[in-house]
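First the structure, in the form of structure tokens, and then the observations on it.
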Amino acid sequence: MPETAITYESVMHDLQQRKFRPVYYLMGEEPYYIDKISDWIAENVLQPEGRDFDQTVLFGSDVNASQIVDAAKRYPMMSEYQVLIVKEAQNVKNVEALEKYMKAPMPSTILVLCHKNGTIDGRKREYVKAIQQAGILFESKKLRERDLPGFIERYLKAQEASIDTKSTQMIAEAIGADLSRLTGELDKVLLSLPEQDRRVTPQVVEDQIGVSKDYNAFELRDAIVNRNIEKANRIIKYFDENPKAGGLYALLPMVFNYFQNLMLAFYCPQKGSQEALAKWLDMKSPWGARDYLTGMQNYSGMKVMQIISKIREIDAKSKGLDNPNTPPGELMKELIFFTFH
């Protein structure tokens, strides 16, 4: 959408420097960053005593574009700026009036349009261009699974806390890419840390989030990488007996992702180099490539292809295809047995 990438960090940096723009169009599949930016504007641009007069929140399903423009053209009464926040902006009909306003926005108005769970229709190119010329067009994209560990580490570091790799993976696997839920869980963890020891450990994760430090997707992956049959069977048995802790539907994507990347690793021109392999697999750090170096020692390329095919078969069976009554726990045991034999 935007011609040059506008990041959450760049938007927040300018806001905190009080470099305001007349228009902020915040859109995308990830509501977390949209909320963070709009909440900051709502809480920090105006003084508390000025908000009753110069800050307005509207909802896109309740107003049309002309009404938003009329409100945006008002002058502030008690403050330097008027703040106008439109939530559910995706529901605003007939945006032509807004497009015209963008070409000459009020310099004393900060108009914030929050468009969640989607982006502007790609056919409305003139509208997009008008927004970009008037202010900020920001797309809040869903975080990819592989980027979650980095997000967790940065979030905790900003609160002067550290975390080890295993704890990071435990949290990422347990919570997933819902950033609002993830940050809520991280805040709970942060509150539990004593002032003299700001380290997040597997024990802290187990105590605060409820993820077993011994029986989790991270440990199952480790068992598969190192062909530790006893450990893998122990973890599968735990998940089978404790379905709330996870199960086939949570573990299958993790196993698939590992073997999919392992298949790619075999094609790396310098597959014996940790650094080259990390770059080939588009990994943030060479450290993570160690599991693929180990995997190439423990599995042949042919076996990896067979495992990937088996994962697809198990996935289909889990959805009821050619499988009238095999429970998920038995399907996972079948996959693990096939992987190691």
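The values are calculated or read from the model by the stated rules, or taken from the named source; none is laboratory data. What you see is a predicted model, and the numbers here were worked out from it, not measured in a lab. Here the Cβ positions follow ideal geometry from the backbone for every residue, glycine too, while neighbour counts run over all protein chains shown. Only protein heavy atoms, including side chains, enter the accessible area calculation; ligands, DNA and RNA are left aside. Shrake-Rupley method; radii C 1.70, N 1.55, O 1.52, S 1.80 Å.
A few points about this structure:
- Residue pairs meeting the criteria (Cβ under 6 Å; at least 6 apart or on separate chains; first within 20 Å of Val86 (Cβ to Cβ) and in contact (Cβ under 8 Å) with a residue 40 or more places away in the chain, in segment 11-23; second hydroxyl-bearing (Ser, Thr, Tyr) and assigned to a loop (DSSP other than H, G, I, E, B)): none
- Condition check for Asp207: among the acidic types (Asp, Glu), open to solvent by 10 Å² or more (accessible area, probe 1.4 Å), modelled with pLDDT of 90 or more and not in a loop (DSSP other than H, G, I, E, B): yes
- All conditions but one from (1) closer than 15 Å to Asn257 by Cα; (2) modelled with pLDDT under 90; (3) open to solvent by 30 Å² or more (accessible area, probe 1.4 Å) apply to Lys284; the one that does not is (1).
- Positions within segment 307-322 being of a type outside the set (A, V, I, L, M, F, W, C) and surrounded by fewer than 15 Cβ atoms within 10 Å (Cβ to Cβ), in sequence order: Ser309, Arg312, Lys319, Gly320, Asp322
- Residues of segment 78-98 that turn out to be among the hydrophobic types (A, V, I, L, M, F, W, C), surrounded by fewer than 19 Cβ atoms within 10 Å (Cβ to Cβ) and either under 16 Å from Phe53 (Cα atoms) or within 24 Å of the chain's Cα centre (by Cα) (or both), as a count: 1
- Every residue from segment 60-95 that is over 26 Å from Lys141 (Cα atoms) and among the acidic types (Asp, Glu): Asp62, Asp70, Glu80
- Within segment 226-239, residues that are over 20 Å from Leu293 (Cβ atoms) have Cβ atoms under 6 Å from residues that are assigned to a loop (DSSP other than H, G, I, E, B) and open to solvent by less than 80 Å² (accessible area, probe 1.4 Å) in these pairs: Ile235/Tyr215; Tyr238/Tyr215; Phe239/Gly246; Phe239/Gly247, counting only partners at least 6 apart in sequence or on another chain.
- Answer from Ser10, Ser61 - the residue that is touching a helix residue (DSSP H, G or I) at 6+ places or on another chain (Cβ under 7 Å) and modelled with pLDDT under 95: Ser61
- Of the residues examined, Lys188 is not one that is in a loop (DSSP other than H, G, I, E, B) and touching a residue at least 12 places away in the same chain (Cβ under 8 Å).
- Of the candidates Lys124, Lys157, the single residue that is more than 26 Å from Ala42 (Cβ to Cβ), at pLDDT below 90 and open to solvent by 30 Å² or more (accessible area, probe 1.4 Å) is Lys124.
- Residue selected from segment 104-118 under the condition assigned to a loop (DSSP other than H, G, I, E, B) and out of contact with any Asp or Glu (no Cβ under 9 Å at 6 or more places or on another chain), by the criterion most open to solvent (accessible area, probe 1.4 Å): Pro107
- Here segment 194-205 is the region considered, the condition is being without any contact (Cβ under 8 Å) to a residue 12 or more places away in the chain and among the charged types (D, E, K, R), and the residue that is nearest to Pro149 (Cα to Cα) is Asp197.
- Segment 287-306, subset free of Cβ contacts under 8 Å to residues at least 40 places away in the same chain, of a type outside the set (Lys, Arg) and farther than 27 Å from Thr168 by Cα, residue surrounded by the most Cβ atoms within 10 Å (Cβ to Cβ): Gln306
- Yes/no for Asn261 being free of Cβ contacts under 8 Å to residues at least 40 places away in the same chain, part of a helix (DSSP H, G or I), open to solvent by 20 Å² or more (accessible area, probe 1.4 Å) and within 19 Å of Arg146 (Cα to Cα): yes
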